[in-house]
Amino acid sequence: MTAASNGSSTVHCKPASHGLMIRPAMKVLVTNPHQEIEVPGPTRVQQLLKRLDLTPEAYLVIRGDELVTDDTVLEDSDSIEIRSVISGG
Amino acid sequence: MRCRKCTHPAVIKMPRHNISLCKDCFTEFVHTQVRRAVKSHRMFTTDDRILVAVSGGKDSLTLWAILMKLGYRADALYVDLGIGDYSILSRQKVQRFTDTVAAAYQANLHVHTVEQEQGAGIRELATLVHRPTCATCGTMKRYQFNRVAVEQDYDVMATGHNLDDEAARLLGNVLHWQTDYLDKQTPMLPASLDGFAKKVKPLYRLTEREIAAYAVIHQIDYIVDECPMAKGSKMLAYKHALNRLEAESPGTKHTFYLTFLDRQAKQQEATEKIAEQDRQRLHPCATCGQPTSTEICSYCQMMAKAVGAAQHG
Ligand code: SF4
Ligand SMILES: [Zn+2]
Ligand SMILES: [Zn+2]
Ligand SMILES: [Zn+2]
């Protein structure tokens, strides 16, 4: 439970830069279609999927090479993969 | 989040069962679902030789891994369709899995290369016979799978179809009231005649997400990218629709498909009925001897057309 998840926290898909100060952000790889984006942390898995408009049932969220549950708080230093699990056959 | 069964950290939450589980408890959950599927539909025993159709994707490699882990005698067949990078990469994944995992169980991999055996890749064959690639591919895979199973004396062939696949197919069949197909949509089709091997789908109780999670947890390195021909398929549309419903009310897919199976089972042994019908309808193909309801089977018709087109083209 971090202090960052209070009411008005907004996730921007592009980090806002204030003059020379560039915020670090976590790198997120989304598969199918392949896409690499940066999202500023901290954010919960659940929140991240919602912001990207992704159905939780169709994806797994992997940090490093570990699965994480939807209440996990992701940090700027994390490397995240959002893997599509739906196949077309 | 903690595991509901022990105190370890949870790795997956499954809203449809209203439960979160750790690695070990989730693994046990998956194995239990497979054991239940195998038992309740009398799919096979540890004496049977099983042939698993593998594509390099999550479902088929995970199925093969689980069957070996549960002590079954499972070999695999990979059909190389000759679809550019997709086929090259998926074949590598299958080969690596065979060398690193299956070899330890003394399990074998059979490979059928379409380009080599039929003279052209599946897309070229489809063009020659004026049929959609996926339909041509379906005929090819079914045929080769059955051929290898019968020729090499396997007792049963297993595919990695999961709950999402079956629910999506059921939705498609219901939307179009394809009642013939509905009868056949069971996780176990008995062998019919001498020429058709028994077919089973041991993963039908597990969602795609659960199977992918199992693969990640057990470091099964599968091809995440899809076959390029799958783009825009009807199945994908049905799956997305079902997942949206699932988000609203967890358990929708499970209830939809498993209730269908219950009703079907009650409607007296549907599978026996199919076997009986098949027995009446099928006879050996005049060209190759495999079972068919027409004089020459659809595979031989397709290949004859392809050869003809290639000679005149
Ligand atoms: S998407 Fe079509 S061509 Fe590709 S493997 Fe599936 S059925 Fe075959
Ligand atoms: Zn546990
Ligand atoms: Zn545990
Ligand atoms: Zn034939």
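Here are the numbers:
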item	result
From A:E81, A:E38, residue being touching a Cys at 6+ places or on another chain (Cβ under 8 Å) and modelled with pLDDT of 80 or more	A:E38
Residues of the stretch B:187-242 that turn out to be at positive phi, without any contact (Cβ under 8 Å) to a residue 12 or more places away in the chain and either among the hydrophobic types (A, V, I, L, M, F, W, C) or at the interface with chain A (Cβ under 7 Å from one of its Cβ atoms) (or both), as a count	0
Single match in B:G56, B:G71, B:G84 (criterion: small (G, A, S), within 14 Å of chain A (Cβ to nearest Cβ) and on the phi > 0 side of the Ramachandran plot)	B:G56
Cross-chain or 6+ apart pairs with Cβ under 7 Å, the stretch A:74-89 first and within 15 Å of B:A213 (Cα to Cα) and facing chain B (nearest Cβ under 7 Å), then buried (at least 21 other Cβ atoms within 10 Å of the Cβ) and aromatic (F, W, Y)	A:R83/A:Y59; A:V85/A:Y59
Condition broken by B:R16, with the remaining ones in (1) crowded, with 16+ Cβ neighbours inside 10 Å; (2) outside any strand (DSSP E or B); (3) modelled with pLDDT of 95 or more satisfied	(3)
Residue pairs meeting the criteria (Cβ under 8 Å; at least 6 apart or on separate chains; first within 14 Å of chain A (Cβ to nearest Cβ) and within 10 Å of ligand 1 (Cβ to nearest atom), in the stretch B:120-149; second assigned to a loop (DSSP other than H, G, I, E, B) and not polar (S, T, N, Q))	B:I122/B:L81; B:I122/B:G82; B:I122/B:I83; B:C137/B:L81; B:M140/B:L81
Candidates B:T252, B:T259 - the one that is at pLDDT 95 or above, under 16 Å from A:A58 (Cβ atoms), of a type in the set (V, I, T) and within 24 Å of the chain's Cα centre (by Cα)	B:T252
Residue list for the stretch B:85-126, filter: at pLDDT below 95 and surrounded by fewer than 15 Cβ atoms within 10 Å (Cβ to Cβ)	B:Q116, B:E117, B:G119
Subset of the stretch B:60-92 (residues that are touching an Asp or Glu at 6+ places or on another chain (Cβ under 6 Å) and assigned to a helix (DSSP H, G or I))	B:S87, B:R91
Count of the stretch B:3-16 residues which are more than 8 Å from ligand 2 (Cβ to nearest atom) and free of Cβ contacts under 8 Å to residues at least 40 places away in the same chain	2
Test: residue in the stretch B:212-223 that is within 16 Å of ligand 4 (Cβ to nearest atom) and not acidic (D, E)	no
Hey, B:A149 closer than 23 Å to B:R205 by Cβ and either within 16 Å of ligand 2 (Cβ to nearest atom) or surrounded by 15 or more Cβ atoms within 10 Å (Cβ to Cβ) (or both) or not	no
Hey, B:G251 within 14 Å of chain A (Cβ to nearest Cβ), free of Cβ contacts under 8 Å to residues at least 40 places away in the same chain and either surrounded by 12 or more Cβ atoms within 10 Å (Cβ to Cβ) or farther than 17 Å from B:L182 by Cβ (or both) or not	no
Count - residues of the stretch A:37-70 that are in contact (Cβ under 8 Å) with a residue 12 or more places away in the chain, closer than 29 Å to B:A168 by Cα and not hydroxyl-bearing (S, T, Y)	15
Extreme residue, farthest from the chain's Cα centre (by Cα), among residues of the stretch B:19-53 that are within 14 Å of chain A (Cβ to nearest Cβ) and either part of a loop (DSSP other than H, G, I, E, B) or away from ligand 2 (no atom under 15 Å from the Cβ) (or both)	B:C22
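The values are calculated or read from the model by the stated rules, or taken from the named source; none is laboratory data. Remember, predicted model here, so these are calculated numbers, not experimental data. As a convention, Cβ positions derive from the backbone with ideal geometry for all residues, glycine included, and neighbour counts pool all protein chains shown.
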